[in-house]
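Q: What follows is a structure written as structure tokens; I'll ask about it next.
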Amino acid sequence: MTVNKKQYPIYGDSVVSKQLANGLRVMVVAKPEYYKTYATLSVEYGSIDNQFIDPETNQLVTLPAGIAHFLEHKMFDKNGYDAFDLFTKYGSNANAYTSFTNTNYLFSTTNHVNENLKILLDFVQEPYFTPEKVEKEKGIIGQEIQMYDDDPDSRLYFQTIRNLYPHFPLNKDIAGSVDSIQKITAADLNLAYRVFYQPANMVLKVVGNVNPDEVFSFVEENQNQKQFATPVKIERRFPSQRPYDFERDHHETMNLARPKAAVAIKGIQPLASGVAETKQEMAMLLLLALLFSENSQVYSELYDSGVLDDSFTFELDCEREYYFAMLLGDTDEPQRFIDSLISVMRTAVDKIDGLTADFELIKKEKIGQRVSMMNSLEAIATRLGDKENHFTNLYDEVAIIDQMQLSDLKAAAVQLFDLKAVTTNIFD
């Protein structure tokens, strides 16, 4: 297969990628000046992907909520050993996490890169599930779920997402619920693994003190020694939903010392594809920063009037199948907090023209953040992109932000700040 190389001379880095015969994509950024190497094996399978067509039976399958996260936990547990112990033997740190759309297995090390790569590839590509081990794991994950249920910030965040997506898999926690994980069986795990853990649905990203050609050669040899089923098309299924059918307002009593409030906006208009999608995402991110970051004029006014304090934060989450923005924080006046933020959104298009100087500062800040990220192997690997955005990466983002105009933010405001798509949440 052809090696693709994207060079970024100004930073002295290159992103080198190769798709192997079995479909596994390998991406490498060589950083010879570093002692450490970081690698992540990403599977495009997350918590929202619990309904799909079984390619063997051509039947629609619905698996219990939380199964992608459960599968991630069980991948480390092998016949007579734990994969974590193998990484420890070589002095590396390993971990894994599941998101709404992906499962990621990773390690960082200063030595024995090939040995660690072999462990990573082998344990993820060799499933081992037994009914006994599955039953044991239910108690462990159940405790994890209960821990998050007792965290008011976590509860506020996920309840606000449920407000936006009451009829979509985002309305379930990534880990599922205590009840849903009780329904998971070893057969369910094997089915999910068979459908989603195909090499063609995985990306291996390696960043650090490595030689790309040597990484490709080692990984290719590892893959050639294994037998994989014929790749099949993954057909995910999602329930149909009306865009504006969601819970507008939610109020919950948690007996808190200080109330918490959230405002979220559901993305209604579809995003573009490829690099254009990244540009839209960057424009929306800059828009939120222009209006609500600590250095913004709007933030200062709201802070001085007591609407916001240091607990205030915002985020933009753009993934396949969905995107949303959320603003949340602690406040003594939750309704005033909500009304003030919505008022800013309502007038955003008109306000933007008067914020030229602030816009230039925000651009410099965001570019500076990304250049700083280039010192982090983890940040580089995490932002190497995916097939949805044509693998637009951290280095590409700098150029995209640098070329951004105020008109792009005005377009982003029109797209994002649809006040018919706003939900609010108060916990007190």
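The values are calculated or read from the model by the stated rules, or taken from the named source; none is laboratory data. Here the structure is a predicted model, which is why all the values come from computation and not from measurement. Quick reminder, even Gly has a Cβ in these numbers, built from the backbone with ideal geometry, and neighbours come from all protein chains shown.
Q: If you go through the stretch 136-147 one residue at a time, do you hit one that is in contact with a Lys or Arg (Cβ under 6 Å, 6 or more places away or on another chain) and of a type in the set (A, V, I, L, M)?
A: no
Q: Name the one entry in PRO64, PRO32 that is touching a residue at least 60 places away in the same chain (Cβ under 8 Å), assigned to a loop (DSSP other than H, G, I, E, B), in contact with a Lys or Arg (Cβ under 8 Å, 6 or more places away or on another chain) and more than 22 Å from PRO199 (Cα to Cα).
A: Values: PRO32 fails: in contact with a Lys or Arg (Cβ under 8 Å, 6 or more places away or on another chain).
Going through PRO64, PRO32 in turn, just one is touching a residue at least 60 places away in the same chain (Cβ under 8 Å), assigned to a loop (DSSP other than H, G, I, E, B), in contact with a Lys or Arg (Cβ under 8 Å, 6 or more places away or on another chain) and more than 22 Å from PRO199 (Cα to Cα): PRO64.
Q: Related question: Just to be sure I understand, how many residues within the stretch 166-221 are within 16 Å of THR40 (Cβ to Cβ) and either charged (D, E, K, R) or assigned by TED's automatic domain parsing to the domain that holds GLU378 (or both)?
A: Matching residues across the stretch 166-221 total 1.
Q: Given the criterion modelled with pLDDT of 95 or more and surrounded by fewer than 17 Cβ atoms within 10 Å (Cβ to Cβ), identify the matching residue among ASN104, ASN79, ASN95. Spell out how you get there, then give the answer.
A: Details: ASN104 fails: surrounded by fewer than 17 Cβ atoms within 10 Å (Cβ to Cβ); ASN79 fails: modelled with pLDDT of 95 or more.
Just a single option satisfies the conditions, and that option is ASN95.
Q: While we're looking at this one, here's another question. Of (1) on the phi < 0 side of the Ramachandran plot; (2) under 24 Å from the mean Cα position of the chain (by Cα), GLY176 satisfies all except one. Which?
A: (1)
Q: Are any of the residues in the stretch 127-150 outside any strand (DSSP E or B), on the phi < 0 side of the Ramachandran plot, modelled with pLDDT of 95 or more and among the aromatic types (Phe, Trp, Tyr)?
A: Keep residues of the stretch 127-150 that are outside any strand (DSSP E or B), which gives 127-150.
Filter once more, so that each one left must be on the phi < 0 side of the Ramachandran plot: 127-150.
Applying the additional criterion that residues be modelled with pLDDT of 95 or more yields none.
No: zero hits.
Q: Still on this structure, I have one more. Does any residue in the stretch 188-215 that is under 17 Å from LYS74 (Cα atoms) come within less than 7 Å, Cβ to Cβ, of a residue that is among the charged types (D, E, K, R) and assigned to a helix (DSSP H, G or I) six or more places away or on a different chain, and which pairs are these?
A: LEU189/LYS74
Q: Which one is nearest to the chain's Cα centre (by Cα), of the residues in the stretch 289-325 that are assigned to a strand (DSSP E or B) and either at pLDDT below 90 or hydrophobic (A, V, I, L, M, F, W, C) (or both)? It would help to see each step written out before you state the result.
A: Looking only at the stretch 289-325, we keep the residues that are assigned to a strand (DSSP E or B), and these are 313-319, 322-325.
Next cut, either at pLDDT below 90 or hydrophobic (A, V, I, L, M, F, W, C) (or both) only: 314, 316, 318, 324-325.
Numbers: PHE314: 15, LEU316: 11, CYS318: 8, PHE324: 13, ALA325: 14 Å.
Of everything passing the filter in the stretch 289-325, CYS318 is nearest to the chain's Cα centre (by Cα).
Conditions tested, residue by residue: (1) modelled with pLDDT under 90; (2) farther than 23 Å from PHE168 by Cα; (3) under 20 Å from the mean Cα position of the chain (by Cα); (4) not in a strand (DSSP E or B).
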residue: GLU214; (1), (2), (3), (4): no, yes, no, yes
residue: SER217; (1), (2), (3), (4): no, yes, no, yes
residue: GLU220; (1), (2), (3), (4): no, yes, no, yes
residue: PHE228; (1), (2), (3), (4): no, yes, no, yes
residue: LYS233; (1), (2), (3), (4): no, no, no, yes
residue: PRO239; (1), (2), (3), (4): no, no, no, yes
residue: MET254; (1), (2), (3), (4): yes, yes, no, yes
residue: LEU285; (1), (2), (3), (4): no, yes, yes, yes
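Q: Here are LEU409, LEU361: which of them is modelled with pLDDT of 95 or more and surrounded by 15 or more Cβ atoms within 10 Å (Cβ to Cβ)?
A: Numbers: LEU361 fails: modelled with pLDDT of 95 or more.
None of the other options fit; the residue is LEU409.
Q: Among ALA21, ALA39, which is the only one that is touching a Leu at 6+ places or on another chain (Cβ under 7 Å) and farther than 15 Å from PHE391 by Cα? Lay out the reasoning, then the answer.
A: Working: ALA21 fails: touching a Leu at 6+ places or on another chain (Cβ under 7 Å).
Step by step, each of ALA21, ALA39 is checked, and only ALA39 is touching a Leu at 6+ places or on another chain (Cβ under 7 Å) and farther than 15 Å from PHE391 by Cα.
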